[in-house]
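Okay, so here's the structure we're looking at.
The values are calculated or read from the model by the stated rules, or taken from the named source; none is laboratory data. From a predicted model like this one, the values you see are computed outputs, not experimental measurements. Every residue, glycine as well, gets a Cβ built from its backbone with ideal geometry; the counts of neighbours run over all protein chains shown. SASA here: full protein model, heavy atoms, side chains in, ligands and nucleic acids out. Shrake-Rupley method; radii C 1.70, N 1.55, O 1.52, S 1.80 Å.
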Amino acid sequence: MKNQISVSILELAIITQGSNATETFQKTKDIAQLADQLGYKRFWLAEHHNMAHVASSATVVLIGFIASQTQNIRVGSGGIMLPNHSPLIVAEQFGTLETLYPNRIDLGLGRAPGTDQPTAEAIRKDFFEQAQRFPQNVTKLQDYFSAENATAKVRAFPAEGANVPIWILGSSMESAALAAAYGLPYAFAGHFAPRQMIQAFEFYRENFQASTVLDKPKTMACVNIVAADTNEEAEFLSTSLYQMFLNLIRNDRKGLQPPVASLDDIMGEEERFHVDQMTACTFTGNKEQLEIDLKKFINYARIDELMVTSPIYDHQAKLKSIQITKEVIDSLNYSIHI
């Protein structure tokens, strides 16, 4: 590690088994306030739809709530699924957030629907056409935020001239190419689709075109982290995460399940293979173990920022994991200077 690595949180606002949206919003606030207190850099929320156990469907509303409950941490989207929305409306919403919470709002953009096909079509009849127009709509969004748009017939208030950093999010080479061509920071969804991550980062760095917002490549990897006082406890807690991905494969929509002693009884060999593929960027262990594993990963991926998501069933255990993770990153950053 040569440079200081900042660490951030992607919170999926997953409703645990036996809980509800009201409790989940309270837990999300607790997590954000702890992250703010500990010095995490960003707290991002993701847009998902038609998922009974994901509470972040009204992403912009939740971003505003979390920003109102914190002091310093940057709050944003990881991401807003742009084909679901008019760029004008997104600009107005995030311009409003930036006006309310100056220099604290991020806008991460994705091109997937964040849901299934029938729901995507219910959100917007021309979703698939808009997905193809993703690059043009990113440009349109940038135009609405620019002070130069003051002479246009259609203007976005109060977005015009607002400083809202735009990130391109993705899990493929296509997103890497777009981020590089537009000179925008690039975040990769390694927490569920890590296969092309290193290749995408390399392509992005090699093809990056400097822009008015960024003069050199800026990368962030999102990974799963389950931290605890012991390796054994972390492994136990992580079984909730693996069950979550198993349910995704089975299209079995459940709340986040409690941890289990063994996954062998509930997961077949082929299912385990697919779950392992999706969760290859998962780091589990105590502080000492995570220091070793994350140092290797950060050096290998050559990232500028690390974003973590921690699907842990027990709320207090999740808060503890977030605290340990920050201690690990602080330790790694400290070691650079000694």
Out of the residues in the range 7-25 that are farther than 17 Å from I324 by Cβ and of a type in the set (S, T, Y), which is surrounded by the fewest Cβ atoms within 10 Å (Cβ to Cβ)? T22
Kindly list the number of the only condition in (1) in contact with a Gly (Cβ under 6 Å, 6 or more places away or on another chain); (2) under 28 Å from Q26 (Cβ atoms) that fails for Y242. (1)
Out of all the residues in the range 245-261, which are within 20 Å of A13 (Cβ to Cβ) and open to solvent by 50 Å² or more (accessible area, probe 1.4 Å)? L248, D252, R253, K254
Just for the range 109-131: of the residues that are part of a loop (DSSP other than H, G, I, E, B) and over 25 Å from L184 (Cβ atoms), which one is least open to solvent (accessible area, probe 1.4 Å)? D116
Output yes when any residue across the range 134-148 is in contact (Cβ under 8 Å) with a residue 60 or more places away in the chain, under 28 Å from P102 (Cβ atoms) and in a loop (DSSP other than H, G, I, E, B), and no when none is. no
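Pick from the range 65-79 the residues that are part of a loop (DSSP other than H, G, I, E, B) and open to solvent by less than 20 Å² (accessible area, probe 1.4 Å): which of them is nearest to A55 (Cα to Cα)? Write out each step before concluding.
Taking the range 65-79 as the starting set, the residues that turn out to be part of a loop (DSSP other than H, G, I, E, B) are 69-73.
Now drop any that are not open to solvent by less than 20 Å² (accessible area, probe 1.4 Å), which leaves 70, 73.
Working: T70: 19, I73: 21 Å.
This residue is T70.
When you check D229 against the structure, is it modelled with pLDDT of 95 or more and of a type in the set (D, E, K, R), yes or no?
Values: modelled with pLDDT of 95 or more: yes; of a type in the set (D, E, K, R): yes.
Against the criterion (modelled with pLDDT of 95 or more and of a type in the set (D, E, K, R)), D229 qualifies.
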Within the range 31-60, which residues are under 16 Å from K326 (Cα atoms) and open to solvent by 40 Å² or more (accessible area, probe 1.4 Å)? Q33, Q37, L38, G39, K41
Of the residues that make up the range 149-163, is at least one closer than 28 Å to Q4 by Cβ and among the β-branched types (V, I, T)? no
Index of the failed condition, T284 passing every other in (1) among the β-branched types (V, I, T); (2) farther than 19 Å from L10 by Cβ; (3) buried (at least 21 other Cβ atoms within 10 Å of the Cβ): (2)
Which of the residues belonging to the range 153-189 are open to solvent by less than 40 Å² (accessible area, probe 1.4 Å) and farther than 30 Å from A301 by Cβ? A156, A159, A162
Single residue of the range 89-103 satisfying the filter (part of a helix (DSSP H, G or I) and open to solvent by 40 Å² or more (accessible area, probe 1.4 Å)) that is farthest from L34 (Cα to Cα): I89
Could you tell me which residue of the range 294-335 is nearest to I14 (Cα to Cα), considering only residues that are part of a loop (DSSP other than H, G, I, E, B) and open to solvent by 30 Å² or more (accessible area, probe 1.4 Å)? Y313
Unique match (being at pLDDT 95 or above, surrounded by 14 or more Cβ atoms within 10 Å (Cβ to Cβ), under 23 Å from the mean Cα position of the chain (by Cα) and over 15 Å from H191 (Cβ atoms)) among E271, E291: E291
Kindly provide the set of residues from the range 199-238 that are within 21 Å of I9 (Cβ to Cβ), open to solvent by less than 10 Å² (accessible area, probe 1.4 Å) and either without any contact (Cβ under 8 Å) to a residue 40 or more places away in the chain or assigned to a loop (DSSP other than H, G, I, E, B) (or both), ordered by number. A228
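Among the residues of the range 22-35, are any in a loop (DSSP other than H, G, I, E, B), at pLDDT 95 or above and β-branched (V, I, T)?
So the first thing to find is which residues in the range 22-35 are in a loop (DSSP other than H, G, I, E, B), and the list is none.
No, every residue in the range 22-35 fails to be in a loop (DSSP other than H, G, I, E, B), at pLDDT 95 or above and β-branched (V, I, T).
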Filter the range 244-268 down to the residues that are in contact with a strand residue (DSSP E or B) (Cβ under 8 Å, 6 or more places away or on another chain) and not in a loop (DSSP other than H, G, I, E, B), then identify the one that is farthest from G190 (Cα to Cα). L256
Does any residue of the range 145-156 turn out to be of a type in the set (F, W, Y), more than 24 Å from F43 (Cα to Cα) and over 17 Å from the mean Cα position of the chain (by Cα)? no
